[in-house]
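A short reminder: the numbers here are calculations on the coordinates, not readings from a lab. Note that this is a predicted model, so its numbers are computed, not measured. When we count neighbours, we look across all protein chains shown, and the Cβ atoms used for this are built from the backbone with ideal geometry, even at glycine.
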Amino acid sequence: MSRERLWFRSALLPDGPAERVRVEIAAGRIASVEAGVDPATGEACGGFALPGLPNLHSHAFQRAMAGLAEVRGPAGDSFWTWRELMYRFLDRLDPEALEAVAAQAFLEMLEAGFTRVGEFHYVHHDAAGAPYADPGEMAARIAAAAEAAGIGLTLLPVFYAHGGFGGAPPAPAQRRFLNDLDGYARLLEASRRAVTDLPGAVVGVAPHSLRAVAPDELGPVAALADGGPIHIHIAEQVKEVEDCLAWSGRRPVEWLLDTAALDRRWCLVHATHMTPEETTALARSGAVAGLCPVTEANLGDGVFPAREFLDAGGAFGVGSDSNVLIDAAEELRVLEYSQRLTRRARNVLAQGAGRSTGRDLFETAARGGGQALGAEAAGLAPGAPADLVSLDLDAPELAGRSAEAVLDGWVFAGSKRLVDGVWRAGRKVVSGGRHHRRDEIAARYVRTLEGLLR
Ligand code: NGQ
Ligand code: ZN
């Protein structure tokens, strides 16, 4: 078996940062890790190596409207007015366009330090709302995009049936998302077929939200997960909490905790608006909170009670959601900064005195994200998939830093500009910060956008 050897000036190992590290890769996995060794002559050398971060929540198609919803409307811009624009944007998105946009988004994720994406995929039907001949048509486009970019895929086909709490009828603009339970079972089967040739792919289920799924549908959808992850949007907006209270007398997270047997397979996306009791109960359930700090800031959602959630033992990961900006470091930075701004304090999410905030954020999000995406145990350790990122230690932002200070430099003073190399399942897909297929994928994306935005 051929082995590839990589040597890094420093690296984040499971026990912490280490100097002069050799990583051996064989058959897409890490075969061995040695610290405190010198490079052999001719050995490939890199800066600071760390595991790739999972991106636990993406709607890839929304990358195409990034920055296009930032002009003030006639009255009261909000999450809901943004959603109208997003729905209108969907009118022109055909399978070809979805594939082109998703490939670009996935490429940018890799260039930004993410090596696996949870694609929360809900545009299933054609622009008129009619099913495609193959119910897995759009899922196959997502799979093709993941394959072209070389990112790990956890595909989360979405069940969407209603337009509000308690089974309210859907709006015409939601026509492309809709299925009944039988249609959803067929979609799921087709989605599983669509990823069979994609190495390391995982398929989960995604009841969209308590707005789009009626109580008697939630159990059957979750039961189709077959051991895979279960993702749901929840409690992102105050109006959603109010509507849920009016409908059921309970808050969304409270309702879900009472109704579904939440456990480690679940990921509650956003969970922004929770009481202290909900926060503690969610943390104890073992479910992951799927935080999307950049999108939550962009959409004006609110601030997740992260310190309280961590104190109760909660697990979180991060996602790029609307993909208005794709940058792993930025997600972690905005998460910490939202806490600093509201609490008027510093280093809020570090786990104790003397701890690096950047490292604690990164390691917590890596663990939670991997759990939420049903991924194999990650980290720079033998047996783990070789999903690696290297940062450029010659960048001014990291100049003179010890290995201990690199993650804080990346998260607080850097950005995706510091990402130098990226390996996914042992295959190098980014060198010198550039994805190997950037020219081709970006050219197709630009052509597609010219059509979409005409
Ligand atoms: C989505 N996005 O599914 O793309 C949602 C908007 C909704 C976010 N929640 C639609 N950020 O929640 O109804
Ligand atoms: Zn979402």
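Using DSSP, restrict attention to beta bridges with both residues in the chain and report what percent are antiparallel, rounded to the nearest 5. Of all bridge pairs located within the chain, approximately 50 percent are antiparallel. Between ASN55, LEU107, GLY118, the Cα set farthest toward the positive side of the dipole of the range 1-147 (charges on each charged residue's Cβ, about the Cα centre) is that of ASN55.
Evaluating 6.51 cos²θ - 1.76 cosθ + 1.60 at θ = phi - 60° for every residue in the range 298-309, the Karplus couplings come out as 4, 8, x, 6, x, 10, 5, x, 5, 5, 5, 5 Hz, glycine and proline recorded as x. When the GluC sites (Glu not before Pro) in the range 21-74 are filtered for DSSP coil states and for at most 13 other beta-carbon atoms within 10 Å of their beta-carbon, the remaining sites are GLU43, GLU70. About its Cα centre, the dipole of the chain is roughly 540 debye, where the only charges are +1 on Lys and Arg Cβ and -1 on Asp and Glu Cβ.
Taking a Cβ cut-off of under 11 Å around VAL241, the surrounding Lys, Arg, Asp and Glu residues balance to a net charge of -3, with basic ones at +1 and acidic ones at -1.
Rounded to the nearest 20, the Cβ-based charge dipole of the range 63-146 about its Cα centre (Lys and Arg +1, Asp and Glu -1) stands at 240 debye. Placing unit charges on the Cβ atoms of the charged side chains and taking the dipole of the chain about its Cα centre, the candidate lying farthest along the positive direction among SER320, GLY228, GLY167 is SER320. Taking the centroid of alpha carbons for each part, the range 381-448 and the range 198-247 are 32 Å apart.
Among the trypsin sites (Lys or Arg not before Pro) within the range 333-409, those in coil by DSSP and having at most 12 neighbouring Cβ atoms inside 10 Å are ARG344, ARG346, ARG355.
If you take the Cα centroid of the range 83-145 and the Cα centroid of the range 297-316, the two points sit 28 Å apart.
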